[in-house]
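Laboratory data are not the source of any read-out in this text; all were calculated from the coordinates shown. All values derive from a computational prediction rather than experimental measurement. Heads up, the Cβs are rebuilt from the backbone with ideal geometry, glycines too, and the neighbour counts pull from every protein chain shown.
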Amino acid sequence: MAEKTNQQAYPMAPATKQPRSDEESATLTSEELRRKKRIKLAIYIAAFAVFQTIVILVFALIVMRVKTPKVRLGTDVTFQNFSVGTQASPSFDLSFTTQVRVKNTNFGPYKFDSTTATFMYQGVSVGQVTIPKGKAGLQSTKKVGVTVNVNSNALPSTTNLGSELGGGVLTLNSDAKLSGKVELMFVMKKKKSAEMNCSMTIDLSAKAVQSIIC
């Protein structure tokens, strides 16, 4: 019997990987570039959508929080004419300068039209003054100087003017209504009316304003 020859087995070498052709490599590179572009485009669109949502929310909050401007008389009153009668013969004829203050707390200017402020004694008109049209800037106060003339010529004899003059004081009320618009972000305009309702107490002996309450 023929003697078998001992032979050692060796593993077979792996098959050599075929290199990609230039055409396949170019196709893969082109597809990868298109995929990256699509990802970038999606990121830009998402970022723009988020930004636009934030802008809309901020704008909505600003519009919803538009506040009514406040109008009142200034406390710096200077009398130019001060003529007051007695308790037995009550009358008054006053002329003074003061300021109408329009306070705007909004994030946009408030433009208002011309209007008339009426001064009254016990509900009877004793004088009027014109407030010219103007603009109160954003979060600021517009001061409008006016000269007011009031007298008792139109008062009926049934008023208690004599009693009040005997007490050394004279109380006048003033009211006005401003009509205008608050401008927001230069494109949005919201109508707002501001009312003034003030009470002025005048000290007759000191010939000066004792208090103004609005």
Summing +1 per Lys or Arg and -1 per Asp or Glu among the other residues with Cβ less than 14 Å from VAL124's Cβ gives -2
Summing +1 per Lys or Arg and -1 per Asp or Glu among the other residues with Cβ less than 13 Å from GLY145's Cβ gives +2
Two pseudo-spin positions, 7 Å from Cα along C-beta at VAL169 and at LYS181, lie apart in nanometres by 4.4
Of the listed links LYS135/LYS189; LYS70/LYS189; LYS142/LYS207, those spanning more than 22 angstrom between alpha carbons are LYS142/LYS207
Quick P(r) readout (region 58-214; Cα-Cα; 10 Å bins; whole %) gives 11, 37, 26, 16, 8, 2, 0
